[in-house]
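Readers should treat all values here as calculations from the given coordinates under stated rules, not as data from a laboratory. Owing to the predicted nature of the structure, the values given are computational and were not obtained by experimental measurement. When we count neighbours, we look across all protein chains shown, and the Cβ atoms used for this are built from the backbone with ideal geometry, even at glycine.
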Amino acid sequence: MLDETIKAVKDAEQKSGMLVQEAELRAAEIVAEAKKEAAGWEEQQIREAREEAKRLLEEEKQKGEEFLARSKKESEEEIAGVRKEAAGKEEEAIRLVIGEII
């Protein structure tokens, strides 16, 4: 009976040791898988951030081009107004000079 008890204890110790080894292997696998998933997640986040930055850059570039076009149009309109006003002043100046001469 004592032999059976000793044998049962040894078997239990052996099974326990095997279970510990299996648990350690499984834990290592889980850690490796978690690291792999984390790396994949990190890459995905970086990719998404780059895409968002690219989208924002294009959006801001478009806004800049629109602003430039508006500014150019406004400047051209202002220049045309100044030229028209100058032409009117030129005619008035010519009349005044002619009036002084006559």
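Taking every eigenvalue of the Cα gyration tensor of the chain, multiplying by 5 and rooting it, what semi-axes result, largest first, whole Å?
Details: eigenvalues 1861, 10, 6 Å².
The equivalent ellipsoid of the chain has semi-axes of 96, 7, 5 Å.
Have a look at Ile94, Phe67, Ala12 and report the one farthest towards the positive end of the charge dipole of the chain, computed about the Cα centre with Cβ charges (Lys/Arg +1, Asp/Glu -1).
Ile94
Taking the Cα centre as origin and putting +1 on Lys and Arg beta-carbons and -1 on Asp and Glu beta-carbons, what dipole magnitude results for the stretch 45-102, to the nearest 20 debye?
Working: 13 positive and 17 negative charges, 47 e Å.
Roughly 220 debye, rounded to the nearest 20.
Using only Cα atoms, what is the ratio of the radius of gyration of the stretch 9-61 to 2.2 N^0.38 Å? Don't jump to the answer; show the numbers that get you there.
Working: Rg = 22.7 Å, N = 53, 2.2 N^0.38 = 9.9 Å.
Its radius of gyration relative to the 2.2 N^0.38 Å reference: 2.28.
Can you give the helix-only mean residue ellipticity at 222 nm for the chain, where every DSSP H stretch with n ≥ 4 adds -39500 (n - 2.57) and the sum goes over all residues, rounded to the nearest 500 deg cm²/dmol?
Working: 1 runs with 100 residues, N = 102.
Calculated at 222 nm, the ellipticity per residue is -37500 deg cm²/dmol.
Lysines within cross-link reach of Lys73: Cα-Cα under 28 Å, excluding same-chain residues under 8 positions apart?
Lys61, Lys63, Lys84, Lys89
Mind checking the dipole of the chain: about its Cα centre, +1 per Lys or Arg Cβ, -1 per Asp or Glu Cβ, Debye to the nearest 20?
Working: 19 positive and 28 negative charges, 28 e Å.
Value, rounded to 20: 140 debye.
Over the alpha carbons of the stretch 62-102, what is the largest minus smallest coordinate on each principal axis, giving the biggest first in Å?
59, 7, 5
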